[in-house]
Amino acid sequence: MAQSNPPFMSGVPELLLLRLLDQNEMYGYELVRSIRKATGEAISLGEGVIYPALHGLERNGALKSRRKPVRGRTRVYYSLTAKGRTRLDKLQTDWRRIQGGITSALESGYA
Amino acid sequence: MHEPNFKQLQSQLLRVGISPRHVQRTVVELREHLDDLVEAELDAGRDIEDARRAAAKQIGDLQEVAIAMRACPELRSWSYRFPRTAIVVYPLACLALLPAVPVLAGIAHAPQLARWGACMLLGGTVTASMFLLMQLSISLG
């Protein structure tokens with residue numbers, strides 16, 4: 001049975017956040033900069049919108065956060081949990097399947 | 001004015017039932033983010049006014065933040081997610097907590113209560129001593 005495709009762009013910020021946080025723990029500003037750098041500025045989010053996404057992922061157990069004082073400021077650092085890693089694997093698999101499907105359609109000349 | 005209106009965002013989010021914990025943290029993180037952006041713009045050689053303007057532009061429209069938070073049901077407070085349960089549980093919890101209120105208030109104001117108790121004890125001792133003296137003077141006199 002064919003798997004259903006998730007909505008196109010709706011999972012992209014989530015996938016990027018989980019992928020970047022899989023490498024290092026980061027705070028919001030750092031994450032936005034990393035997304036820009038990692039995607040060659042092809043994807044730039046409205047910077048404030050990153051926080052609802054982070055809080056939602058934390059609430060679902062995919063991320064955990066800790067407060068860390070840095071130069072007189074309190075930064076909230078996010079990192080991936082085991083549940084988040086499983087979610088990342090699933091999203092990566094889904095994304096590669098969709099990407100493969102689209103590439104194949106574009107190259108076959110049906111599109 | 002270039003400063004994003006965080007106060008308005010805060011009240012807007014609370015009104016639609018986002019949990020106060022998430023609202024407060026979002027506002028703190030957004031303020032920190034704005035400060036980082038201003039700092040980066042200043043480092044890039046802009047003057048403070050331009051830096052603030054550019055930072056506010058980069059942080060984006062706060063309405064988008066509000067819309068994104070409203071779209072996450074898991075960020076809503078417990079009573080907004082389960083209103084029917086809240087209608088039953090909140091009054092019962094209030095009734096159950098009622099007897100504990102004086103105790104909790106006492107714990108919260110322990111130093112004042114201790115001072116008040118010491119004053120009462122001192123006052124009582126002075127009054128009792130005066131009565132004793134009067135009694136003695138009547139008896140002996």
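The values are calculated or read from the model by the stated rules, or taken from the named source; none is laboratory data. Quick caveat: nothing in here was measured; it's all calculated off a predicted structure. Note: ideal-geometry Cβ built from the backbone for every residue, glycine included; neighbour counts use all protein chains shown.
Figures for the structure shown
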{"quantity": "Every pair of residues 6+ apart whose Cβ atoms lie under 6 Å, when the first sits in the stretch A:20-35 and is closer than 22 Å to A:Ala82 by Cα and buried (at least 19 other Cβ atoms within 10 Å of the Cβ) while the second is modelled with pLDDT of 95 or more and among the aromatic types (Phe, Trp, Tyr)", "calculated": "A:Leu21/A:Tyr78; A:Tyr27/A:Tyr77"}
{"quantity": "Test for B:Glu39: is it in contact (Cβ under 8 Å) with a residue 40 or more places away in the chain and either assigned by TED's automatic domain parsing to the domain that holds B:Ile67 or assigned to a strand (DSSP E or B) (or both)", "calculated": "no"}
{"quantity": "Scan of the stretch A:75-85 for residues that are free of Cβ contacts under 8 Å to residues at least 40 places away in the same chain and surrounded by 12 or more Cβ atoms within 10 Å (Cβ to Cβ), ordered by number", "calculated": "A:Thr81, A:Lys83"}
{"quantity": "Every pair of residues 6+ apart whose Cβ atoms lie under 8 Å, when the first sits in the stretch B:44-70 and is under 17 Å from A:Tyr51 (Cβ atoms) while the second is at pLDDT 90 or above and among the aromatic types (Phe, Trp, Tyr)", "calculated": "B:Leu62/B:Phe6; B:Val65/A:Tyr51"}
{"quantity": "Options B:Ala100, B:Ala55, B:Ala68: the member that is of a type in the set (Gly, Ala, Ser) and more than 10 Å from chain A (Cβ to nearest Cβ)", "calculated": "B:Ala100"}
{"quantity": "Residues located in the stretch A:87-101, provided they are among the β-branched types (Val, Ile, Thr) and exposed (fewer than 12 other Cβ atoms within 10 Å of the Cβ)", "calculated": "A:Thr93"}
